[in-house]
1. Please state the shape class of the chain: rounded when a/c is under 1.5, otherwise prolate if a/b exceeds b/c and oblate if not, all from the C-alpha gyration tensor.
2. Which of rounded, prolate or oblate describes the stretch 1-99 when judged by the alpha-carbon gyration tensor and an a/c cut-off of 1.5?
3. First compute the accessible area of the stretch 1-136 with a 1.4 Å probe, then give the percent of it belonging to carbon and sulfur atoms.
4. Using θ = phi - 60° and the Karplus curve 6.51 cos²θ - 1.76 cosθ + 1.60, what whole-Hz ³J(HN,Hα) does each residue of the stretch 94-108 get, with Gly and Pro shown as x?
5. With the chain treated as a Gaussian network of Cα nodes joined by springs under 10 Å, which of 64, 152, 49 yields the largest mean-square fluctuation?
6. For the chain, what is the accessible area per residue in Å², given a 1.4 Å probe and the full set of protein chains?
7. Going down the table (66/194; 39/89; 82/194), which pairs top 24 Å between alpha carbons?
8. Mind telling me which of 59, 188, 12 comes out most flexible in a GNM of the chain, alpha-carbon contacts under 10 Å?
Amino acid sequence: MTTPLLPDTDLARLAPLPDEVQRAQLWKMKTGFSTFSYKHVRACFADIFNVQPAMFGDASPTPFEKIRERLIRSCKSGDEFKSNEQIAKALHEFAAQHNIAGRHHDFFPMAMGIGRKVNFWLPSVFAIDGMPYSLFIDPRRTKGLTKAGRRFAFSVMHERIRAADDDFAGVNLGIVRFGVDDDGGRTARLYGDKGVTLYSLEELESMVANTYRIWAEVYEERTAETRRKGTANGGFI
C-alpha cells in the first residue's frame, strides 16, 4: 500500500509532537482534494514581492489591482477568490511597508528520506528593510505552523539554505503567517529565526521518519476500517 505524502506544513506541525498526539491528529486528517487552493496567489508571489528579473534592469512594483485582475481570471468565484485575494492584499501591503524586493534563486527541495522531499522557501532571496531573507509563506487559517512547527521549518531552511551554501550563510530566515482583522481580512506577520534553537539534521531526519512511520500505520488502519464499513454495507459497488 502506498502511503500519501503529507503536506510540508502538516509534517512540520506534527513531527515535533509526542507520538500519541501525532497519531490522534493523523487519524483526523483529511486526505484528497481541498475545496479551494492557494496556488493562485502563490503564482503571484514574484509580482507581490517585486522579484527582479535576473537579466534586465530593476522593475517597478506591480500595482495590487493588476494582481487582483489576475486572481479574478484564475480563481473560482466565492471562497477561493476571497481567500486568495485576502492573502495577496495582505502580502502586497506587507511588501510595501517593508520595502521588499527580491532576486530569483532556485533553492531546490531537500530530500528527507527515500521518496520524500520538503520545501519551506520561495525560489528567491529577498531584501526586507534592507536585510537579506529567505521566506516561507503559510497562508492557512487553521492548522498552520505553530511555534513548534516554525522551529521545524526554520531548521530545514537552515540546513538547505545556510548550511549547504556559504554564499547564503548569513541570510535571515522568515516565515509569514496571517492574523484575522476585525472585518475578517488578513494581516501578514513575519516570524524570524532569531533566538530559535534549531534541530540538527539528524534530529530532523529522525522526526520525519517517525512521523511517516506513524502515518503509514494510521493510513493502513483507516483504509482497513473503510473497507470493513464498505463490506458491512454490501461492498464498494
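1. Oblate, since a/c reaches 1.5 and b/c is not below a/b.
2. Taking the square roots of the gyration eigenvalues as a ≥ b ≥ c, the stretch 1-99 is prolate.
3. 57 percent
4. In residue order, the calculated couplings are 4, 5, 5, 5, 10, 6, 7, 9, x, 10, 5, 7, 7, 9, 6 Hz.
5. 64
6. Accessible area per residue, the chain: 57 Å².
7. 66/194; 82/194
8. Among 59, 188, 12, the largest GNM mean-square fluctuation belongs to 59.
The values are calculated or read from the model by the stated rules, or taken from the named source; none is laboratory data. Just so it is clear, the model here is predicted, and its values are computed rather than measured. Using ideal geometry, Cβ is built from the backbone for each residue, glycine included, and neighbour counts are taken over all protein chains shown. Only protein heavy atoms, including side chains, enter the accessible area calculation; ligands, DNA and RNA are left aside. Shrake-Rupley method; radii C 1.70, N 1.55, O 1.52, S 1.80 Å.
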